[in-house]
Structure formats: C-alpha cells, structure tokens
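Undergrad: I have a structure here, written as structure tokens, and I will follow up with some questions on it.
The values are calculated or read from the model by the stated rules, or taken from the named source; none is laboratory data. The structure displayed is predicted, hence computed values, not measured ones. We place every Cβ from the backbone using ideal geometry, glycine too, and count neighbours over all the protein chains shown. Side chains included, ligands, DNA and RNA excluded: accessible areas come from the protein's heavy atoms. Shrake-Rupley method; radii C 1.70, N 1.55, O 1.52, S 1.80 Å.
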Amino acid sequence: MKFEPEKKLIFGETLEELEVFARDTGQPKFRAKQLTDWLYKKRVQSWDQMSNLPAEWRNILDEHFELSPAKPLLSKESRDVTNKLLMELTDGSLIETVLIRAPMKGVGQRRSRTTVCISTQVGCAYGCKFCASGLLGWKRDLNAAEIVAQLMNVCHQEDTMTQRATPEISSFDNIVVMGMGEPLANYDNLMKAIKILNADWGLKFGARRITVSTSGLVPEIEKLSEKSIQFRLAISLHGATNSTRSKIMPINRRYPLEKLIPAAKHFVKNHGRMLTLEYILIEEINDMLDEAKKLVAIAKDLHAHVNLIPYNKVEGLSWKRPNIMRQDRFASILKENKVPFTIRREKGHDINAACGQLRLKAEKPDFTR
Ligand code: SAH
Ligand code: SF4
C-alpha cells in the first residue's frame with residue numbers, strides 16, 4: 001500500500017514549490033525564502049517561532065504541512081563514538097540514523113569529524129545474505145522529506161549541544177547514504193532530498209561531502225553517469241568473481257560483474273571522480289587470496305579506492321569475521337599491488353559497519369541498554 005500522509009511534509013518541498021504555495025495562498029514570493037530560512041538556517045521547530053511570517057499564513061502552513069515528519073524517539077550514546085537516533089515516522093515505521101564521531105589528528109586543537117549515516121527505505125528488497133537490513137524484506141521507500149528530516153533531527157540535536165559559529169553551518173562533516181535500504185532503488189526521492197540538502201536556501205551542505213552507496217543497480221548507475229551530480233559513489237562489491245558475489249548478493253544475478261564494471265567505468269569517465277569499492281571481509285566466503293588478486297584487477301581497472309570492512313556479526317546469521325591475520329593477508333595483496341585502500345577495525349569508528357547494522361525491527365528495540 002502506498003503511504004500517503006494527510007498533510008504534506010515540509011522538509012520535502014523545494015523553494016520553487018514553496019513559492020508556488022505562497023502565491024496560491026495570497027502571499028508574496030519572498031515569504032517562501034523567509035520560511036526556508038526558519039527551517040534550515042535558524043532551525044526552529046514550531047510555526048509560532050517564525051516571527052516574521054504573518055500569523056494567518058502560519059495557520060495556513062500548519063493546516064497544510066507537517067513540521068516534524070520523523071519524531072526522534074531516543075538517542076543512544078554508546079561508550080565509543082557512535083550515536084544512534086531512532087525515529088518514528090508518521091505511519092509508525094521505525095528508522096535509524098547513526099552519527100559517527102571519528103577523532104581527527106589535528107593541528108593542536110581536538111576536533112572530531114562527524115559523519116551521519118542515513119537510511120533511504122524501511123527495510124530492503126535486495127536481500128544480501130550478510131545484511132541486517134535485508135532480513136525482513138522491503139516495507140516502503142522513504143519520501144524526500146523523511147530523508148531530509150533525518151539530517152534535520154541531527155541538526156536539532158547537535159544545535160542544543162554545541163554553540164554554532166554561524167546559524168548557516170550544519171554540525172556534521174559528511175553524509176553517507178549507507179543506512180537501511182538501497183538508495184538507487186529510491187532514485188527520485190533521493191535526488192530531491194540531495195537537492196534540498198545541497199541548495200543555498202536549504203541546508204547548504206556540499207554535495208562532494210555526500211557519499212551514496214549502492215549494491216550495484218546498473219541502470220541507475222548509467223543514469224547517474226549522464227547527470228551532472230557532485231556527490232560521491234560507492235559500490236558494494238563484496239566479491240571479485242560472479243560466483244562469490246552471487247553467493248552473497250542476489251542482485252549479482254541480474255547485474256553480474258560484466259555489466260556492473262562497464263557501468264562503473266562509464267561513471268568514472270564521465271565524472272572524473274574516484275569511486276570507492278566496498279568490500280566486506282567474510283571468513284572463507286570472500287577473504288581468499290585468489291579473490292584478493294581479482295579485486296586488485298577490478299580496482300586497477302576502475303582506478304578505485306577499496307574500503308575493506310571486516311564483517312560485523314549480525315544476530316541470527318552464521319557469517320564470521322576473519323581473524324586479524326587473515327584480514328592482514330588479504331590487505332597485503334592490495335598493498336603489494338599499490339591499490340589505495342583503507343581498513344577500519346576499531347569498533348564504532350567503522351562507519352560502514354555501524355551503518356550496515358541498521359536493522360528493521362518488528363517492535364521498538366530497547367534503546368536503554
Ligand atoms: N544498499 C546499499 C547501502 C546500504 S548498506 C549498499 O548495499 O551499498 C551500506 C554498507 O554496509 C554496504 O556496503 C553493506 O554491504 C554494508 N554492510 C551491511 N551489513 C554489514 C555487516 N554486517 N557488516 C559490515 N558491513 C555491512
Ligand atoms: Fe539492501 Fe544494501 Fe543490505 Fe544489500 S547490503 S540488503 S542492498 S541494504
């Protein structure tokens with residue numbers, strides 16, 4: 001069933017759409033810009049606080065739009081550096097957004113780099129065998145407002161904790177679209193959300209600091225190749241041969257490597273930006289030396305950066321994380337062959353692992369532990 005809220009969600013409206021709304025409700029065009037300033041710069045959370053908007057128009061806005069599409073339930077601050085925001089959407093669906101604070105070795109001052117990992121769907125239809133999000137299947141796509149609202153909730157939380165230098169600045173450094181769901185299967189909503197996040201009138205968040213991760217939807221990668229987009233693309237490879245990849249990623253049967261690699265190549269050629277290949281290391285599934293050598297060939301062909309992610313245990317699944325020795329052996333093949341790569345091991349610092357752990361729960365999880 002298609003989810004249709006009674007009121008429209010304000011965080012899904014572009015400035016142009018709000019200008020039309022202003023005109024249709026008897027207001028001058030500039031009201032729309034005043035409204036977006038309240039939403040994205042001053043970041044107030046009630047219509048009443050929008051003091052330069054006429055009271056009667058605020059009432060009209062309230063009748064037509066929902067100001068908070070995603071209600072933050074509880075935020076779990078773990079001992080390390082991750083912080084999860086659980087949100088209940090207007091239809092009762094639950095999604096999680098993760099904040100990962102990684103300390104930066106800096107010049108004198110202590111600062112951490114904050115990355116926000118967002119979801120694009122409730123559940124996921126692609127059923128990768130190792131992934132928590134795929135376990136319960138796909139429930140629905142998030143709309144653009146629900147994608148944007150995850151970031152706005154983070155802003156609202158962070159704004160209360162830190163003194164903002166200027167109201168223009170968001171409190172995080174990077175966005176990774178690596179939470180629940182396959183972003184490119186929700187293409188239009190994702191594109192609209194990125195446009196709002198990126199716009200001068202919106203969050204003004206640089207698209208180059210946004211990374212979209214896909215399990216390899218070839219037609220959408222082709223489509224992105226033809227568009228002038230600025231965000232970064234990461235491809236979840238996880239297998240350097242069709243037989244390995246098909247074993248753990250059902251999508252490989254529809255888009256095998258001989259289709260995926262040329263599409264990725266086309267993307268790199270058209271955008272001139274380095275691609276990231278994500279590669280989860282799962283014991284005796286894809287961590288063999290032979291597989292590493294084949295990964296070298298693919299990475300070289302694509303001039304890609306490889307992100308090695310030691311598998312994070314998912315409850316109910318039997319896959320194992322290889323021991324450090326096996327991880328090092330695999331990584332050494334990339335090193336010897338001069339393939340740029342990263343491998344993150346520390347708990348909580350591992351953005352992908354933290355994101356990959358997002359899981360659709362049938363009931364509200366216990367966030368108090
Ligand atoms: N659907 C997209 C984006 C969401 S998954 C995709 O597949 O790329 C984001 C990343 O987390 C992917 O690379 C995914 O393979 C990884 N991931 C999923 N489960 C994981 C786990 N248990 N441990 C480590 N990484 C995981
Ligand atoms: Fe979906 Fe990505 Fe998980 Fe695969 S890894 S099931 S595509 S969220």
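Undergrad: Roll a 1.4 angstrom probe over the protein heavy atoms and tell me the percent of accessible area of the stretch 8-66 that is carbon or sulfur.
TA: 48 percent
Undergrad: Related question: Please give the length that would be gained between V44 and S318 if that part of the chain were fully extended, namely 0.36 nm times their separation in residues minus their C-alpha to C-alpha distance (nm, one decimal).
TA: 94.0 nm
Undergrad: Oh, and also: Going by average Cβ neighbours within 10 Å, how do the peptides 90-101, 41-52 rank, with the highest at the top?
TA: Ranked from most to least packed, the peptides come out as 90-101, 41-52.
Undergrad: Rounded to the nearest whole Å², what accessible area per residue is found for the stretch 8-66 with the 1.4 Å probe?
TA: Counting only protein heavy atoms, the per-residue value for the stretch 8-66 is 49 Å².
Undergrad: Then there's this: Please sort 171-177, 261-267, 14-20 by packing, taking for each peptide the average over its residues of neighbouring beta carbons within 10 angstrom, highest first.
TA: Per-residue Cβ counts within 10 Å, averaged per peptide and sorted highest first, yield 171-177, 261-267, 14-20.
Undergrad: Related question: Could you look at the stretch 156-260 and say what percent of its accessible area is carbon and sulfur, using a 1.4 Å probe and all protein chains?
TA: Its accessible area is 49 percent carbon and sulfur atoms.
Undergrad: Please list the non-local residues whose amide H lies under 5 Å from the amide H of V212, H modeled 1.01 Å from N, same-chain partners needing a gap of 5 or more.
TA: Counting only residues 5 or more places away or on other chains, the set is V177, R232, L233, A234.
Undergrad: Show me the ranking of peptides 293-300, 22-29, 116-123, 279-286 by mean Cβ neighbours inside 10 Å, starting with the highest.
TA: Going from most to least packed, we get 116-123, 279-286, 293-300, 22-29.
Undergrad: Another one. Can you run phi through the Karplus equation (6.51, -1.76, 1.60; θ = phi - 60°) for the stretch 43-50 and list ³J(HN,Hα) in whole Hz, with x for Gly and Pro?
TA: Those phi angles translate into 6, 7, 10, 9, 4, 4, 6, 7 Hz.
Undergrad: Another one. By how many nm would the segment from D24 to N242 grow when fully extended, if each residue of separation counts as 0.36 nm and the alpha-carbon distance is taken off?
TA: 73.0 nm
Undergrad: For a Förster distance of 45 Å, can you work out the FRET efficiency between the beta-carbons of R344 and K7, rounded to the nearest 0.05?
TA: Calculated transfer efficiency: 0.60.
Undergrad: Additional query: Hey, which aspartates and glutamates would be in cross-link range of K338, C-alpha to C-alpha under 20 Å, not counting anything within fewer than 8 residues on its own chain?
TA: Hits, sequence-local ones excluded: E278, D287, D290, E291, D301, D328.
Undergrad: For the stretch 1-54, what does the alpha-carbon gyration tensor say about shape, rounded, prolate or oblate, given a ≥ b ≥ c as the root eigenvalues, a/c under 1.5 as rounded, and a/b over b/c as prolate?
TA: oblate
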